[in-house]
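Structure first, commentary second.
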Amino acid sequence: MRLDPTAIRSRFPALDRQQGGRPVVWADGPGGTQVPSSVIEAMGGVLSNGSSNHGGFFSASAESDELHEGARQAVADLFGSSPGEVAFGQNMTSLTFALSRAIGRTWSEGDEVVLTRLDHDANVTPWMLAARDAGATVRFADIDVETATLDLDSLETAVGPNTRLVALPAASNAVGSLVDVSKAVEIAHSVGALAFVDAVHYAPHGPIDVRAFDCDFLVASAYKFFGPHTGALYGKHDLLQRFEAYRLRPAPSEAPGKWETGTQSFESLAGVTAAVDYLASVGSSLANIQRSAGSRRADLVAAMAATQQYEQMLSHRFLDGVSRIPKIRVYGVTTGNPLPRTPTFGISVEGVHPDRVAAALGAEGIFVWSGHYYAVEPIAALGVADTGGLVRIGFVHYNLPEEVDRVIEALQRIAG
Ligand SMILES: Cc1ncc(COP(=O)(O)O)c(C=O)c1O
């Protein structure tokens, strides 16, 4: 079950981009991935065929309804849910603000919400503001600073009989650490709290199974998994139904539609479906694939398992390379087989500001991020907030081992 990176890369036109006569290295996947041609064609197709608002009595409008339903089914296959449990929005942040506002209004003084020091701010501030508005208390679960992983003992200590909700990440966008989501959800449920999972960083790196996670809500963003800029929310149907959504009077009153505000980006929804189909095609093209039903869900699970295997190789290669550069420090998980991480690395180079490292790499056509990338809590917890944060180098399944080597060689030069 091995990925064929050459075949994969041939499907992404942006991977042909050159700088200074060399192909660029897209090591910025955690900030957003490139898209295969099929996504571009699907989005362009909607616009060139003529696009219309949904719910009307003519063919172009009926097509928009079909697109919408199709995208719900595609994301349901990606999440392991049913389509009636999937709602779309502009991005993860907007969806989380909408949901936190709706859930938060059921809280009152004495209620508690538990957040983590591993999360992107989009899974922190919306809940803090909802708690503030309700007079509820915010508690934090800490990270183990040595490995930059969520401390589940701290999570267990933070929850209590008054906890109404635990918001947690499936993986860190800053340092790549994976979270044992099922265990964290179990801790939330042990005190009767809801569990909200941010799977934005995790989605391109591993299989999502909301039934196995048993989470109450989960969010992802298609632009991190080879699709366009659209967010997707999963919620257990009874919960999506139970909470009151802030919505316009003529808008749907039933879940999941009641969580979708205004007119959806139909061209993006076509792109979301094409991105999921792309991932499924990666699964179905694997040799020796043992598919029980030959379903899109089975293909997606196979694709993500192969992705994990391939990315483990990239991670080991990167860690091996940087371990030979004494001036480089990796923040996060560096041991284990499999490594409990995505191939997203937060590093520092002794004596060189992270922005300067990123700029030097950028000048060589190696695209990476520096700073906090909105991961305010992890960057503070790791003690690097006042020194410019970290340099983030992130790979996905279209990156090559040779690209990892190119990054290592450039880092060697920068570290001096
Ligand atoms: C882990 C994580 N959560 C949330 C977000 C916010 O996602 P969006 O841009 O869809 O609002 C990001 C974006 O970088 C992220 O990496």
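Values computed for the structure shown
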quantity: Built amide H within the under 5 Å cut-off of THR137, gap 5+; calculated: GLY110, ASP111, GLU112, VAL113
quantity: Segment 191-283: C-alpha pair distances exceeding 16 Å, %; calculated: 62
quantity: The chain - mean residue ellipticity at 222 nm from DSSP helices (-39,500 (n - 2.57) per run, n ≥ 4, rounded to 500); calculated: -12500 deg cm²/dmol
quantity: Candidates per chymotrypsin sites (Phe, Trp or Tyr not before Pro) in segment 8-101, loop by DSSP, up to 16 other Cβ within 10 Å; calculated: PHE57, PHE58
quantity: Residue order, fewest to most surrounding Cβ atoms within 10 angstrom, among LEU3, LEU390, LEU248; calculated: LEU248, LEU3, LEU390
quantity: Candidates ALA302, ALA158, ALA62: whichever shows maximal mean-square fluctuation once the chain is modelled as a Gaussian network with Cα springs under 10 Å; calculated: ALA62
quantity: Difference of contour (0.36 nm per residue) and Cα-Cα distance, ASP386 to SER284; calculated: 32.0 nm
quantity: Angstrom value of the Kirkwood radius, inverse mean 1/r, which spans all Cα pairs in segment 42-276; calculated: 18.1
quantity: Descending principal axes extents, the chain, alpha-carbon based, whole Å; calculated: 62, 54, 39
quantity: Partner aspartates and glutamates for LYS183 [C-alpha distance under 17 Å; skip if fewer than 8 residues away on the same chain]; calculated: ASP119, ASP142, ASP144, ASP151, ASP153, GLU156, ASP198, ASP209, ASP214, ASP216
quantity: Full-stretch length increase - ASP16, GLN241 - with 0.36 nm per residue and alpha-carbon distance subtracted; calculated: 76.4 nm
quantity: Radius of gyration and Dmax over the Cα atoms of segment 1-121, both given in Å; calculated: 20.2, 62
quantity: Ranked list, fewest to most other Cβ atoms within 10 Å of each Cβ, for ARG341, ARG139, ARG2; calculated: ARG2, ARG139, ARG341
quantity: Stokes-Einstein D for segment 197-237, Kirkwood Rh over Cα pairs, 25 °C, 0.890 mPa s (µm²/s); calculated: 236
quantity: Rg(Cα)/(2.2 N^0.38 Å) for segment 239-381, N = residue count; calculated: 1.48
quantity: Amide H partners (placed H, <5 Å) of SER370, local residues excluded; calculated: ARG392
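A short reminder: the numbers here are calculations on the coordinates, not readings from a lab. Quantities reported herein were computed from a predicted structural model and do not represent experimental measurements. Backbone-built Cβ (ideal geometry, glycine too); neighbour counts: all protein chains shown.
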